[in-house]
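Only the coordinates and a few stated rules stand behind these numbers; no lab work does. Predicted model, so just to flag it, every value in this text is computed and none were measured. Quick reminder, even Gly has a Cβ in these numbers, built from the backbone with ideal geometry, and neighbours come from all protein chains shown.
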Amino acid sequence: MENTFSPTNNSSNAKWYCIDAKDKSLGRLSSQISQVLTNKYKPDYSFNFNNGDYLIIINSKTVKLNKPEQKFIVRYSGNIGGITKKSFLNVINENPNAVIKKKL
């Protein structure tokens with residue numbers, strides 16, 4: 001009887017990927033990013049082992065949003081009146097990578 005393969009730190013062969021976010025929709029981009037980070041497409045995938053690849057995202061400022069003026073990033077501190085709202089347009093101008101991180 002053959003043994004089941006269990007990945008270890010030595011058996012991981014992580015790769016670097018560069019994804020261009022220019023004129024891609026945020027939802028499709030985030031699904032592509034999550035596939036690369038989780039490595040579910042690899043045959044040696046294991047849920048209890050981090051064998052994810054490395055990722056570089058360029059042109060994140062030009063990502064497409066549907067109705068960006070109607071979308072907000074909302075944070076709640078748990079206190080009374082502790083809700084903060086920022087529109088996606090303001091966040092993209094300040095830090096374009098924050099929108100992609102929040103989506104993931």
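Answer with one residue from 91, 27, 72: the one whose Cα lies farthest towards the positive end of the charge dipole of the range 16-103, charges on Cβ with Lys, Arg +1 and Asp, Glu -1. Going by the charge dipole, the pick is 72. Taking the helices alone, the chain has a mean residue ellipticity at 222 nm of -7500 deg cm²/dmol, built from -39,500 (n - 2.57) per DSSP H run of at least 4 residues and averaged over all its residues. Over 32 Å apart at the Cα level, from the set 22/42; 42/71; 22/86, are 42/71. Mean separation of Cα pairs under 8 Å and 6 or more residues apart, divided by the residue count, gives the range 16-103 a relative contact order of 31 percent.
Would you indicate which of (i) 64, 43, 20; (ii) 61, 37, 19; (iii) 29, 29, 24 is the value of Cα extents along the principal axes in Å derived from the coordinates of this structure? It is the one labelled (ii). Taking Cα centre as origin and charging only the Cβ of basic (Lys, Arg, +1) and acidic (Asp, Glu, -1) residues, the dipole magnitude of the range 1-74 rounds to 440 debye. Between helix 26-38 and the chain there is an angle of about 30 degrees, using the helix long axis and the longest principal axis of the Cα atoms.
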